[in-house]
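Laboratory data are not the source of any read-out in this text; all were calculated from the coordinates shown. In this text the structure is predicted, and so the values were computed from the model without any measurement. No Cβ is skipped: glycine too gets one built from the backbone with ideal geometry, and neighbour counts run over all protein chains shown.
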Amino acid sequence: MKIAIIGTGYVGLPSGVGFAELGNEVVCIDKIAEKIEVLKAGRLTLFEEGLCELFKKNTASGRLKFTTSMREGVRGADVVLIAVGTPPDPVTKAADLSFVYAAAEEMAECLDGYTVICDKSTVPVGTGDRVERLIREKNPQAEFDVVSLPEFLREGFAVHDFFNPDRVVIGTESERARAVLKKLYAPMAGKTQLLCVKRRSAETIKYASNSFLAMKIHYINELANFCEHAGADIRDVALGIGLDSRIGPKFLNPGPGFGGSCFPKDTLAMDYMAREVGVDLTLIQSAISGNVLRKKLMARRILKAASGVSKPRIAVLGIAFKGGTDDCRESPAVDIVRELLLLGADNVVIFDPKAMDNAKKIFGDKVSFAPDAYAALEGADVCAVLTEWKEFKDLDLARAKELMRRPVLEDLRNMLDPKKAQSLGFAYDCIGAAQGEKPAL
Ligand code: NAD
């Protein structure tokens, strides 16, 4: 099949590579010329585990192409995927759909033949209707259907998730469009469920999924607070509740708060959408406000670990919103460092294995940057682990202790070996264990 993908970000690019790998002819379109130049030159514009090899293979075979021209990309396409950003509106926090609508208007006059236009971007209920109207107004002759095809991939696992989705949700009332998409997803049909629903249901499913996951994280974080005061151990508790098949073991790792380019904005957008139709989603509202507060409390916790030291040097390990990606959008680590700076910390040093370029863009000269974790730890009074990178789990704690001025670990991802840290003489603090009683690994 011929596929055009509008937007070469964290969704569009892995999807383009994936569909090309499945044998389709894919053209990825982006309005940022520099991105397209880099991609055309055979380099990736973002980091995703395993993406590089497939990208090289499929560009070499000619199945994967890049362009800035909507006409060139969309011409002759059987399927067009819209994968542009839907960031929160700075004032209302509703999803800003200007990129989606612009893409729809730009593509309208480029369509030829029957085309299935899919919203892969996360968009509020009713967006499909508006996209359809916009295209119809611009090009009344066009033969097309607009489908909601929400994306569920996880950054850091985008390649894996593309080929092994938990489900594919196809939201359309059109039989014809459904048949085209069933053909497109035929290679996955044996191992995953293709769920065909109304377009508005598909749009809702995406927000409902992300809001549920955000609430699950918030729940375990609140339980962790409880455990810290009740002498319980959150790891035991998470294990115990996760073994209940109605609850499940995933998303029960406590941490510094949920973040990333999806959960914060999608919970806000869901709340906005609900209020627009007069419904109060109080659980989601509570998760949103609790999560904001949590990051502030985490910053205070780090500073408390440095209390008594004037101008403490704080080593921050990890700034990406999670391991396996360079994406720092709405990263809890970024918010925590911002809060540290607001609270007067003036000697913060950051290291992240993949997100240093993004960190530099965010913080400029307000913090310093280290070339590796050990360099960050040199002379540090506190080490705060804020992103779950494997290399932090494997940190040589004996070497870390030698390098630090004060051996204090704030393990806000519960990654390090508490017994080892304590046996080496570290003051070790993690999430969800009572003071002095740290969880066994
Ligand atoms: P992104 O910001 O990384 O990428 C969007 C890209 O679209 C940018 O490169 C931008 O230049 C391009 N673009 C915008 N308007 C364009 C236009 N008119 N023509 C051509 N290119 C255009 O965004 P992302 O993280 O890939 O997210 C895309 C959508 O997918 C969002 O709605 C997001 O909520 C959703 N989503 C994201 C994830 C994720 O993990 N990042 C997962 C599931 C769903």
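Per the Cα gyration tensor, the chain maps to an equivalent ellipsoid with semi-axes of 42, 24, 20 Å, ordered largest to smallest.
Could you calculate the FRET efficiency of N347 with D417 from 1/(1 + (r/R0)^6), where r is the beta carbon distance between them and R0 is 30 Å, rounded to 0.05? List each step's numbers first, then the result.
Numbers: r = 27 Å, r/R0 = 0.91.
Step by step, r from the Cβ atoms, then E = 0.65.
The Cα-based radius of gyration and maximum Cα-Cα distance (Dmax) for the range 198-441 are 18.4, 60 Å. Multiplying the residue separation of D396 and I241 by 0.36 nm and subtracting their alpha-carbon distance yields 52.6 nm. Put a dot 7 Å past the Cα of D357, heading toward its Cβ, do the same for R136, and the two dots end up 4.3 nm apart.
A simple spin-label model places the labels of E276 and K56 4.5 nm from each other, with each point 7 Å out along Cα-to-Cβ. Any chance you could list P(r) for the range 2-197, counting all Cα-Cα pairs in 5 angstrom bins from zero, rounded to whole %? Pairs per bin, as whole percents: 1, 8, 17, 21, 22, 17, 10, 3, 0, 0. Helical content of the chain, expressed as a calculated mean residue ellipticity at 222 nm, amounts to -13000 deg cm²/dmol (DSSP H runs of 4 or more residues, -39,500 (n - 2.57) each, divided by residue number, nearest 500). Filter the cross-link list K354/K419; K191/K390; K250/K322; K296/K401 down to pairs whose alpha-carbon distance in this structure exceeds 19 Å. Those over the limit are K354/K419; K191/K390; K296/K401.
Bridge orientation summary for the chain: considering DSSP beta bridges with both residues in this region, about 10 percent are antiparallel. A158 sits among other residues whose Cβ lies under 9 Å from its own Cβ, and their net charge, with Lys and Arg +1 and Asp and Glu -1, is -3.
What does the extension gain come out to for S98 and I32, with contour length at 0.36 nm per residue minus their alpha carbon separation?
Values: separation 66, 0.36 × 66 = 23.76 nm, distance 1.60 nm.
My answer for the length gained is 22.2 nm.
A crude spin-label estimate for the pair S368 and E143, with each label 7 Å from Cα along the Cβ direction, gives 6.7 nm.
How much length, in nm to one decimal, is gained on full extension between L293 and A230, taken as 0.36 nm per residue of separation minus their Cα-Cα distance?
Numbers: separation 63, 0.36 × 63 = 22.68 nm, distance 2.08 nm.
Result for the pair: 20.6 nm of gain on full extension.
Here the range 1-102 has an Rg and Dmax of 13.8, 46 Å, counting Cα atoms alone.
For T45 and L283, what is the calculated FRET efficiency with R₀ set at 41 Å and r taken between the beta-carbons, to the nearest 0.05?
On the way: r = 37 Å, r/R0 = 0.90.
Taking R0 as 41 Å, the efficiency between T45 and L283 is 0.65.
Rg then Dmax, both in Å and based on the Cα atoms of the range 325-441: 14.0, 39.
Would you be so kind as to identify all helices of the chain, as entire DSSP H runs, whose Cα atoms reach 30 Å or more along the helix's own axis and whose mean Kyte-Doolittle hydropathy is at least 0.0? Intermediate values should be presented prior to the final figure.
Details: long enough: 199-230 (46 Å, -0.31); 282-305 (34 Å, 0.22).
What comes out of the filter, once short or polar helices are dropped, is 282-305.
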